[in-house]
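Colleague: Supplied in structure tokens, the structure appears directly below.
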Amino acid sequence: MVNDNDPTQGTPPTNADMELSADTMGEVKRISYAGLICRRFFRSRSALVGLAIFAALVLLALFGPLICRFDYAEPDFTAIGLPPGPEHWFGTDGGGFDLFACVVHGLGRSLIIGVSYSVLTTVIAALVGVGIAYARGWVERVGMWIIDMLMVIPSFLLVALFVRSASGQDGWLALIFGLTLFGWIGYARTLRTMTLSLRERDYVRAAKYMGVSPLAIIVRHLIPNLGSILIIDTVLGVIGGINSETAFSFLGLGIKLPDTSLGYLLSQASSVMITMPWMLVFPSVALIVLCVSMQLIGDGLRDAFDPYSRAAGSAEPAEIEEEAEL
């Protein structure tokens, strides 16, 4: 029966509504919000492909050194500049270093830098951005003024100077610290804007009037309501961290010997890409596959959190979906 007074009449149902309606027609199934998100995520084939590729790359970075026949830091002077073969699977560079061992180690180093950068910037941006929005008054004005001032600082040059002052073994730690030091600024400004509407919600006012501390309100009420955005941006932030590391290392301002990364391998290959093209091909393929896998995972998470997305499919039979569309 059609109710003319119902304002939702004629509004297309969300994917979550269709799944719940399908459950009510049969056996009632209770599922949490996290379970619903996981079910929709694993229903996306592209997301599963990205997750499988990322898991394979992580396993390669973790256990790859066990299957390497040579160490990435020990050259083989009897095989200098050799193409891929049965002895050296990815070939060697001009110094006799096994390229497969270097790619495996560089993949692990790039993953550590990308994941650490993404997680740290997300945590700092969430605490600062949400905290500034919740504080209001002069604290919010001063906080936004500081963020605006930090955004005009030439961060690239400062990070480069900071990393160059570090030693070779600690260069990747200095790179993570330098990238994180300036990477949270723009993200915090975005989260502050999103929190302006959340701070007016009834549950936030109720918690405030009940005497809950501001830190507890920020951590327990405000940040969890931005969870979908934080999770997606954290996954996609790994790509930004890896690309930043690649750019710095390619310019000779990032990872330094005896350490190595994908960006450093690409910088070394730029001068011999004509005579030894395998030095450019294998690190480039590893970097592209890694970024594509993270992009597929991010797209799957976006579709899983979006209630109007049809990319993750639907749980009900085809006839129920057709009836719901009518």
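Colleague: Out of (1) aliphatic (A, V, I, L, M); (2) in a helix (DSSP H, G or I); (3) over 21 Å from Ala188 (Cα atoms); (4) open to solvent by less than 40 Å² (accessible area, probe 1.4 Å), what's the single condition that is false for Met276?
Modeller: (2)
Colleague: While we're on this one: Filter segment 176-201 down to the residues that are of a type outside the set (A, V, I, L, M), in a helix (DSSP H, G or I) and modelled with pLDDT under 85 and list them by number.
Modeller: Across segment 176-201, the qualifying residue is only Ser197.
Colleague: Okay, next question. With respect to Ser284, is the statement that it is surrounded by fewer than 20 Cβ atoms within 10 Å (Cβ to Cβ), over 13 Å from Arg109 (Cα atoms) and touching a helix residue (DSSP H, G or I) at 6+ places or on another chain (Cβ under 8 Å) true?
Modeller: yes
Colleague: Which condition does Val292 not pass, out of (1) under 13 Å from the mean Cα position of the chain (by Cα); (2) at pLDDT 85 or above; (3) open to solvent by less than 50 Å² (accessible area, probe 1.4 Å); (4) not charged (D, E, K, R), if it passes all the others?
Modeller: (3)
Colleague: Closer than 17 Å to Ile239 by Cα and not charged (D, E, K, R): is that true of Leu107 in this structure?
Modeller: yes
Colleague: How many residues are without any contact (Cβ under 8 Å) to a residue 24 or more places away in the chain and surrounded by fewer than 17 Cβ atoms within 10 Å (Cβ to Cβ) when one looks only at segment 90-112?
Modeller: Matching residues across segment 90-112 total 1.
Colleague: Out of all the residues in segment 154-175, which are assigned to a helix (DSSP H, G or I) and either open to solvent by 80 Å² or more (accessible area, probe 1.4 Å) or out of contact with any Asp or Glu (no Cβ under 9 Å at 6 or more places or on another chain) (or both)?
Modeller: Once the filter is applied, which keeps residues that are assigned to a helix (DSSP H, G or I) and either open to solvent by 80 Å² or more (accessible area, probe 1.4 Å) or out of contact with any Asp or Glu (no Cβ under 9 Å at 6 or more places or on another chain) (or both), segment 154-175 yields Ser155, Phe156, Leu157, Leu158, Val159, Ala160, Leu161, Phe162, Val163, Arg164, Leu173, Ala174.
Colleague: Also: Condition test on Leu66, is it at pLDDT below 70, open to solvent by 80 Å² or more (accessible area, probe 1.4 Å) and under 32 Å from the mean Cα position of the chain (by Cα)?
Modeller: The answer is no for Leu66.
The values are calculated or read from the model by the stated rules, or taken from the named source; none is laboratory data. These figures come from a predicted structure and were not determined experimentally. Cβ: placed from backbone, ideal geometry, glycine included. Neighbour counts: every protein chain shown. For the accessible areas, the whole protein counts, side chains as well, though only heavy atoms, and no ligand, DNA or RNA atoms are used. Shrake-Rupley method; radii C 1.70, N 1.55, O 1.52, S 1.80 Å.
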